[in-house]
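The values are calculated or read from the model by the stated rules, or taken from the named source; none is laboratory data. Since we're looking at a predicted model, the values are computed, not measured. Glycine gets a Cβ as well: all are built from the backbone with ideal geometry, and neighbour counts include every protein chain shown. The accessibility values were calculated without ligands, DNA or RNA, using every heavy atom of the protein model including side chains. Shrake-Rupley method; radii C 1.70, N 1.55, O 1.52, S 1.80 Å.
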Amino acid sequence: MSTFGSLFRVTTYGESHCASVGAIIDGCPPGLELSAQDIQVQLSRRRPGQSDLTTPRDEKDLVHIQSGIERGVTLGTPIGLLVKNEDQRPKDYSETDLYPRPSHADYTYLEKYGIKASSGGGRSSARETIGRVAAGAIAEKYLTQVFGIEIVAFVSSVGKIHLPSNVAPPSLTPLDGDEDNDEAADALSPEFRQLLATITREEVDKHPTRCPHPGTAERMTKRIIRAKEAMDSIGGTVTCVIRNVPSGLGEPVFDKFEAKLAQAMMSIPATKAFEVGSGFRGTEVPGSKHNDAFILKDGKLGTTTNWSGGIQGGITNGEDIYFRIGFKSPATISQAQHTAQYDGTEGTLSARGRHDPCVVPRAVPIVEAMAAIVVMDQLLIQNSRKAAAGLLPPITTLPPTMVMPSR
């Protein structure tokens with residue numbers, strides 16, 4: 001479906017070559033000061049044509065607020081947002097009349113609906129994510145203003161080029177190859193902890209790859225250019241950290257916080273993998289090493305390590321939330337590919353159109369937006385529960401095992 005969220009609900013619309021794309025956001029609290037520029041900042045980070053590493057499609061992606069805001073203040077009613085498609089070239093896709101593009105959504109959309117958009121990727125196009133990014137910018141302004149929440153994503157790998165192991169996410173940090181050796185260093189090296197605690201979007205945006213490590217960023221650039229010159233593509237990963245998230249968010253059992261994060265991230269075009277906290281590396285570490293021991297921090301319990309990635313039992317624990325998303329190499333490439341037409345006739349497809357040789361640099365604000373939408377929705381759910389519970393008279397008859405001890 002095209003709607004995400006329970007109390008903060010985002011519905012996106014539009015195809016890659018229609019007149020416009022956008023979103024309707026329902027559930028934004030009234031009284032939030034909000035301007036088009038607040039939204040435009042993230043849309044401009046997502047827009048195509050930013051560098052030689054992205055598609056040359058020339059879209060300004062200027063947002064037009066249609067409803068829900070008056071005199072720069074949200075009304076609490078649905079917010080309508082519209083972005084015009086201005087640089088469509090549907091004739092570039094005439095070859096898809098005969099051929100389903102390999103690993104694209106042409107074939108599966110026809111199998112599902114019996115009809116598809118005649119050009120571009122339709123709803124499977126990354127143009128659809130404009131509405132998500134716009135909605136995420138609104139959620140993020142509220143989260144930052146009210147809770148001080150910070151969300152920063154960055155590129156952690158392109159192809160086989162990764163961040164150095166001392167600043168890499170846990171699954172990119174190799175363990176001892178000895179299968180009988182159960183010793184394991186903390187999932188977060190001091191350098192990676194520092195990166196998660198201090199990284200800013202300004203630092204991320206210093207390089208077109210959006211990798212915060214200069215030497216690695218240059219190697220990534222060369223890899224993406226190599227794919228582009230070969231009329232090919234390459235994949236990569238994006239790592240994201242969410243700071244200052246209150247404890248208690250997440251709705252067990254089916255709407256656990258990491259489950260909603262996974263759903264949000266895996267709904268982004270071209271995603272193929274998701275892991276949170278220690279991820280797959282955590283499967284190789286004994287529980288005695290993997291458990292995050294508690295410690296008093298600023299008058300409240302925290303953890304000495306953070307293998308859990310800020311989530312335990314599907315509920316946030318107040319520590320930094322960090323996760324990683326894998327993006328496959330873009331399916332549409334300009335190389336001639338031996339494949340079959342819709343009727344099964346074998347042939348050669350030489351796709352045209354303008355496409356990203358690697359999507360991860362432009363995926364960064366999309367990941368941040370979906371993270372913001374998840375946090376916003378979960379906060380509204382938890383705060384509504386607390387508000388409703390606060391109207392009840394206090395209960396003083398419960399045993400100590402059922403309540404949080406006083407400090």
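Per this entry, Y99 is not counted among residues that are free of Cβ contacts under 8 Å to residues at least 24 places away in the same chain and open to solvent by 10 Å² or more (accessible area, probe 1.4 Å). Just one of the listed residues (G347, G279, G313) is open to solvent by 10 Å² or more (accessible area, probe 1.4 Å) and closer than 20 Å to V241 by Cβ, namely G279.
Please specify each residue of the range 191-206 satisfying the condition of being among the acidic types (D, E) and under 20 Å from P170 (Cα atoms). Residue satisfying the conditions is E191 alone.
Under the condition of being of a type in the set (A, V, I, L, M, F, W, C), part of a strand (DSSP E or B) and touching a helix residue (DSSP H, G or I) at 6+ places or on another chain (Cβ under 8 Å), the residues counted in the range 285-317 number 2.
Restricting to the range 381-407, count the residues that are exposed (fewer than 10 other Cβ atoms within 10 Å of the Cβ), among the hydrophobic types (A, V, I, L, M, F, W, C) and part of a helix (DSSP H, G or I). Within the range 381-407, residues that are exposed (fewer than 10 other Cβ atoms within 10 Å of the Cβ), among the hydrophobic types (A, V, I, L, M, F, W, C) and part of a helix (DSSP H, G or I) number 4.
Please determine, by comparing only the residues of the range 36-55 that are open to solvent by 10 Å² or more (accessible area, probe 1.4 Å) and aliphatic (A, V, I, L, M), which one is nearest to I224 (Cα to Cα). Across the range 36-55, the extreme among qualifying residues is V41.
Restricting attention to the range 318-342, the residues being under 30 Å from H355 (Cβ atoms), charged (D, E, K, R) and in a loop (DSSP other than H, G, I, E, B) number 1. Filtering the range 20-35 to residues that are assigned to a strand (DSSP E or B) and open to solvent by less than 10 Å² (accessible area, probe 1.4 Å) leaves V21, G22, A23, I25. Among the residues making up the range 222-245, those that are open to solvent by less than 30 Å² (accessible area, probe 1.4 Å) and not small (G, A, S) are I224, I234, T237, V238, T239, C240, V241, I242, R243, V245. Of all residues in the range 246-275, those satisfying the criterion of being among the hydrophobic types (A, V, I, L, M, F, W, C) and either open to solvent by less than 20 Å² (accessible area, probe 1.4 Å) or over 21 Å from R132 (Cα atoms) (or both) are L249, V253, F254, F257, L261, A264, M265, I268.
For I65, the test of being of a type in the set (A, V, I, L, M, F, W, C), farther than 19 Å from P269 by Cα and surrounded by 21 or more Cβ atoms within 10 Å (Cβ to Cβ) is failed. Residues satisfying the criterion are present in the range 88-96 (criterion: closer than 28 Å to S44 by Cα, open to solvent by less than 40 Å² (accessible area, probe 1.4 Å) and modelled with pLDDT under 90).
Of all residues in the range 102-149, those satisfying the criterion of being open to solvent by 60 Å² or more (accessible area, probe 1.4 Å), farther than 21 Å from T11 by Cβ and in a helix (DSSP H, G or I) are Y107, T108, E111, T144, Q145, V146, F147.
Among the conditions (1) part of a loop (DSSP other than H, G, I, E, B); (2) under 30 Å from A135 (Cα atoms), the only one that V375 does not satisfy is (1).
Quick test for you: out of T332, T339, pick the one residue that is in contact (Cβ under 8 Å) with a residue 40 or more places away in the chain and either within 28 Å of the chain's Cα centre (by Cα) or buried (at least 17 other Cβ atoms within 10 Å of the Cβ) (or both). Exactly one residue qualifies, and that residue is T332. Residues that are among the aromatic types (F, W, Y) and open to solvent by 10 Å² or more (accessible area, probe 1.4 Å) were ranked within the range 1-19; the one that is farthest from E128 (Cα to Cα) is F4. Filtered by the rule that a residue be in contact with a strand residue (DSSP E or B) (Cβ under 7 Å, 6 or more places away or on another chain), within 21 Å of K116 (Cβ to Cβ) and of a type outside the set (S, T, Y), the range 6-18 gives a lone residue, G14.
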